[in-house]
Number of protein chains: 2
Amino acid sequence: MSRKSILAFNKSLVRLLPSSSHPIPIWTVLLSGPSTFRVHESHSHRKCYSQNHSSKFNYSSEHENASGESWNKSGIFGAFTGLTLAAYVAWRKSEQNGVHAATVRMESEEIKKDLPTYKSSEVAIWVTFKRGVYDVTEFVEKHPGGSRIMMAAGASLEPFWELYPVHQRPDVFQILAKYRIGNLSEEDVLEQQQPAEDHFKNEPKRHPVLKQRSLKPFNGETPPSILAEQFYTPNDVFYVRNHLPVPQVDVKSYCLEIEGISIKSSSLRLDDVKKFPKVTIAATIQCGGNRRSDMSKAKPSAGLAWSGGAIGNAKWTGASLKDILKKAGFDPKKYPHPEKVHVQFEGLDSDQSGECYGASIPLTYFLDENFEPVLAYEMNDKSIPIDHGFPLRVILPGIVGARSVKWLSRIIISNQESQSLWQQRDYKVFSPSVTMESVDFNSAPAIMDTPVTSYICSHEDGQVVAQGNIKMQGYAFSGGGRGIVRVEISKNRGNTWEVATIKHKAPSAARNWAWVMWEAEVAVNKQDKEIWVKAVDTGYNQQPEDFKNVWNYRGLVSTAYHKITLNVK
Amino acid sequence: MSRKSILAFNKSLVRLLPSSSHPIPIWTVLLSGPSTFRVHESHSHRKCYSQNHSSKFNYSSEHENASGESWNKSGIFGAFTGLTLAAYVAWRKSEQNGVHAATVRMESEEIKKDLPTYKSSEVAIWVTFKRGVYDVTEFVEKHPGGSRIMMAAGASLEPFWELYPVHQRPDVFQILAKYRIGNLSEEDVLEQQQPAEDHFKNEPKRHPVLKQRSLKPFNGETPPSILAEQFYTPNDVFYVRNHLPVPQVDVKSYCLEIEGISIKSSSLRLDDVKKFPKVTIAATIQCGGNRRSDMSKAKPSAGLAWSGGAIGNAKWTGASLKDILKKAGFDPKKYPHPEKVHVQFEGLDSDQSGECYGASIPLTYFLDENFEPVLAYEMNDKSIPIDHGFPLRVILPGIVGARSVKWLSRIIISNQESQSLWQQRDYKVFSPSVTMESVDFNSAPAIMDTPVTSYICSHEDGQVVAQGNIKMQGYAFSGGGRGIVRVEISKNRGNTWEVATIKHKAPSAARNWAWVMWEAEVAVNKQDKEIWVKAVDTGYNQQPEDFKNVWNYRGLVSTAYHKITLNVK
């Protein structure tokens, strides 16, 4: 798209917008304001939240086991990404060569004499970064964050990259360099060198045992060895997957908005939610990227390098979401085309433009009496921790974790899916042949149910063990409420399989929302180096044997057999 | 179990039974009469059916496209089996050496002078076959048909094996020989040489294109090349999977009985069923053993040697099963533990003892509004053919074909699963390490939803094709109402994958009960010998890459990638 055609596009938008002919305000309205999916949103809601929840939240009273110790470490690993493989490999290489973001001399810092010079006011459809001016128009389609990149249109990327620090990596700088079209004038460079606001300054403290995968936003996983110890993962060590800064919530002014097609709009305070009958479900929540690092061993994939600890199981207590919606007049049987209706969820976590974290599930889930979604204010019998969505998180059992929105602010019955990037672009699984360059985001549905997986928690790859009987332990889980029929272990690359013992599972119910913990006595001798585990679910689904044929560039639903090599002495 | 202990066991049973101390009547009562699961059955029902439906059924008026031609061929392949692998291999060997059942000199035909001689009346807990007397007590646990073998207790196996001719194979004779304990007296041998009744004398005519996998009962599959041609498989060539002789049904006296926990017993004639609102669903029905012959290439498995044609897709029209049950007062929400309640279905097809074909599904299915079971009296807009269940078949979409009971005679709401062998022993998937010798039938659940599968219909293994572009076609299907996200083709053992085009699928709905037809233009040259196809379903389940690690001795849910080798000229 040339600058000319974009300006024409801008002009066509102008007709739809109340006023202004200057390109900067146009983009501002287009990208930070309500888009079409916000049919049920009034601007006052959005404002309401930012006003109501800006006061500082008191950690010590709500966040159990917080300590004064500061264990946060800096990390440049990606929180949400979708970088090209080439860029990823280049970045890996630069990492290996000790070339880190901080030490790279960026081409943006230099004037390029062969390029023209512009004033800030002239770069309406471009972006700036340090000394560079970039036309990223053609990159928008490939950007995992979609048009969100255009929040920075006509301005500097720097304040946005403060919020999404995942971009501060050599491979991202390399992509950006391709789009450079000019230099930023000296006076504008100086103006932009103001200290940036730290959007992550109010994060809660985290337990030091969590293996940090990114700092801003915070993402940390439970060491798998801890997972196998208890059926219910303790709150403090439950994996944390945040997409944005943790919002500060004033519980006194907190309210949950409910609105949309064929229901009456309503607003509930936390106390109102607590008046509904209290329900508890045992449910496993798993990140769509759990075990990505296993898949990346077959071929690098882009995203947080989770091992097998981006999963946890808890008792979630709160109000039944169905009860809450029923009170608002919701009847899933009333919709003539339920497959075309979606239940959207929004969180209080948002970026500068006010765009919040969002997700949705098809209304058809609500037509199943066996589906038991909960608006949880307790996790394992304690107040739900800040990192897990205090004061209220929707728990959608059997569905990928990304849809169980934390810090829940709004539920919308809509005729379309959530338009958030996490629904539309992220958390989708493409063919092994698809790259970031060739991806058509509409060619795959948003992940809902996740496939069967299993993991060895008791032993690590390369671990030294003595010849003889070893006790192996781990978890197995399948989405969609499917149970685990059995877990099998092989120590000879599948020539024979031993059936493991299921030592803990949730009590019998219509659906299986919780994982099972398994254990097996395995007699190993010096020939038995490789140990494989696989599980079979009640739909008789099996895991893929390895990652080669199921690899996807985002490293999602990484569920092949878990294989480790032991060092038997 | 010694004869003595069995007699003691018999005696203990005598206390529970009204009268008789003679072992033959005891076994007769124990094995052919009602067992505990028939809590809701009255003997009059069973009698009612055999009386009402004994008149000869008129093929020509109900069976479309029947012709006068007799194309039935004799076949000794098994209908339901579960033979030991060793026996199977021995049988294969004998087949290869040209040793067929008809030409084998059975040891049963000879007197064994080292063994004692008994009168028929003395072999109450044993069975006879030709000249032999066998104590099969210890085999009962291993018999795929379970205690059904004891229908013959105290008598000859011959009349039963006329009904279950699958037993007339060398490998079965070998198993039997292990249990020989004596010779049958001359006068009893003569008495047993009466001409046997042919239970299969009233079978409908079948289309000659069906690839017969067994004659008695009839089992035949659609040639895969025909499957790819149409989204709805024509009735005449739709695969037939019968477990017993086809019953003769007099539609005038036909009635469907409904009974069980918390509903009122009722009886509906076909006309009553037709008064309910007419519903139609497009649903794929697939045999649990579809593609068994593919799995058997990895390692022999026991059962009908289906290729990829034991599957078909049709429009099923009839009454909603939910409407019918509702009328009988059924409300699935009324059961405090729905996961412990089952909806059983019985067919009119039965064996000598009166035991009918049966299956069940958990009541929890009925708690899902998206589940659309149909009592079908039409198939693809025509009266449902005899071989497919005339006058009424229950269609349970998304569930393995074995549960969609044909010639439906009764529906029972029960606190246990169907106790039929097809629910309790057959149609269960065990670990690759389990053999017929080691199987614990309780260690696996009855198959319900089936996993994702795909198949190349347009080309056969070994087919000669010219170098250049070839059009490949096939089907992909997943159980549980999960849709197909995509179908992928590889011509280089998974190094790259091409996404196929979905050329036909059912209109958008809450659930996907029907398969999709796919096609792909594949450019092949002389290096591209092996073509692989795989599919991904909406739960992001993938097929296993090959059979080695998912092999099971019964050859069920054989869903690994379909791989064919082309001969490119």
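Quick look at the numbers
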{"read-out": "Any hit, the range A:341-361, residues being among the aliphatic types (A, V, I, L, M) and under 30 Å from A:LYS548 (Cβ atoms)", "value": "no"}
{"read-out": "Selection count where residues are of a type in the set (A, V, I, L, M) and surrounded by fewer than 21 Cβ atoms within 10 Å (Cβ to Cβ), scope the range A:257-272", "value": "3"}
{"read-out": "Every residue from the range B:455-492 that is part of a loop (DSSP other than H, G, I, E, B), farther than 24 Å from A:ILE447 by Cα and among the charged types (D, E, K, R)", "value": "B:GLU460, B:ASP461, B:LYS491"}
{"read-out": "Residues of the range A:421-462 classified as more than 27 Å from B:PRO451 (Cβ to Cβ), within 14 Å of chain B (Cβ to nearest Cβ) and at pLDDT 95 or above, total", "value": "0"}
{"read-out": "Some residue of the range A:184-196 being touching a residue at least 60 places away in the same chain (Cβ under 8 Å) and hydrophobic (A, V, I, L, M, F, W, C)", "value": "yes"}
{"read-out": "Residue that is farthest from the chain's Cα centre (by Cα) [pool: residues in the range A:494-545 that are assigned to a loop (DSSP other than H, G, I, E, B) and hydroxyl-bearing (Ser, Thr, Tyr)]", "value": "A:THR496"}
{"read-out": "Candidate set: the range B:363-418, residues that are polar (S, T, N, Q) and touching a Leu at 6+ places or on another chain (Cβ under 6 Å); chosen: the one nearest to B:TYR239 (Cα to Cα)", "value": "B:SER404"}
{"read-out": "Any hit, the range A:368-389, residues being more than 14 Å from chain B (Cβ to nearest Cβ), part of a loop (DSSP other than H, G, I, E, B) and within 27 Å of B:GLU369 (Cα to Cα)", "value": "yes"}
{"read-out": "Exclusive hit being within 14 Å of chain B (Cβ to nearest Cβ), touching a residue at least 12 places away in the same chain (Cβ under 8 Å) and within 20 Å of B:TRP551 (Cβ to Cβ), set A:ASN512, A:ASN541", "value": "A:ASN541"}
{"read-out": "Criterion violated by B:SER360 - all others in (1) small (Gly, Ala, Ser); (2) more than 25 Å from B:PHE430 (Cβ to Cβ); (3) in contact (Cβ under 8 Å) with a residue 60 or more places away in the chain satisfied", "value": "(2)"}
{"read-out": "Boolean, B:GLY260 is small (Gly, Ala, Ser), out of contact with any Ser or Thr (no Cβ under 6 Å at 6 or more places or on another chain) and at pLDDT 95 or above", "value": "no"}
{"read-out": "Of the criteria (1) surrounded by fewer than 23 Cβ atoms within 10 Å (Cβ to Cβ); (2) in contact with a His (Cβ under 8 Å, 6 or more places away or on another chain), which one A:VAL249 fails", "value": "(1)"}
{"read-out": "Unique residue being surrounded by fewer than 24 Cβ atoms within 10 Å (Cβ to Cβ), modelled with pLDDT of 95 or more, farther than 20 Å from B:ARG425 by Cα and within 13 Å of chain A (Cβ to nearest Cβ) when the list is B:LYS326, B:LYS333", "value": "B:LYS333"}
{"read-out": "Options B:TRP532, B:TRP497; residue that is under 16 Å from B:ASN567 (Cα atoms) and within 10 Å of chain A (Cβ to nearest Cβ)", "value": "B:TRP532"}
{"read-out": "Test: A:ILE395 is in contact with a Ser or Thr (Cβ under 8 Å, 6 or more places away or on another chain) and not charged (D, E, K, R)", "value": "yes"}
{"read-out": "The range A:336-363, subset in a loop (DSSP other than H, G, I, E, B) and away from every other protein chain (no Cβ under 14 Å), residue surrounded by the most Cβ atoms within 10 Å (Cβ to Cβ)", "value": "A:GLU355"}
{"read-out": "Search result, residues across the range A:493-502 that are under 18 Å from B:PRO445 (Cα atoms) and either among the basic types (Lys, Arg) or in contact with a helix residue (DSSP H, G or I) (Cβ under 9 Å, 6 or more places away or on another chain) (or both)", "value": "A:VAL499"}
{"read-out": "Residue match in the range A:392-409 (condition: more than 14 Å from chain B (Cβ to nearest Cβ), polar (S, T, N, Q) and surrounded by 23 or more Cβ atoms within 10 Å (Cβ to Cβ))", "value": "yes"}
{"read-out": "Pick from the range A:546-569, criterion in a loop (DSSP other than H, G, I, E, B) and in contact with an Asp or Glu (Cβ under 8 Å, 6 or more places away or on another chain), ranking: farthest from A:GLY479 (Cα to Cα)", "value": "A:LEU566"}
{"read-out": "Residues of the range B:544-558 satisfying the condition of being under 18 Å from B:CYS287 (Cα atoms) and either at pLDDT below 95 or at the interface with chain A (Cβ under 7 Å from one of its Cβ atoms) (or both)", "value": "B:VAL550, B:TYR553, B:ARG554, B:VAL557"}
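Each row is one residue, and each column tells you yes or no for (1) under 17 Å from B:GLY347 (Cβ atoms); (2) assigned by TED's automatic domain parsing to the domain that holds B:GLU378; (3) at pLDDT below 95.
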{"site": "B:GLU186", "(1), (2), (3)": "no, no, yes"}
{"site": "B:ARG206", "(1), (2), (3)": "no, no, no"}
{"site": "B:GLU221", "(1), (2), (3)": "no, yes, no"}
{"site": "B:GLU229", "(1), (2), (3)": "no, yes, yes"}
{"site": "B:TYR232", "(1), (2), (3)": "no, yes, no"}
{"site": "B:ASP236", "(1), (2), (3)": "no, yes, no"}
{"site": "B:ASN242", "(1), (2), (3)": "yes, yes, no"}
{"site": "B:VAL246", "(1), (2), (3)": "yes, yes, no"}
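The values are calculated or read from the model by the stated rules, or taken from the named source; none is laboratory data. Here the structure is a predicted model, which is why all the values come from computation and not from measurement. Quick reminder, even Gly has a Cβ in these numbers, built from the backbone with ideal geometry, and neighbours come from all protein chains shown.
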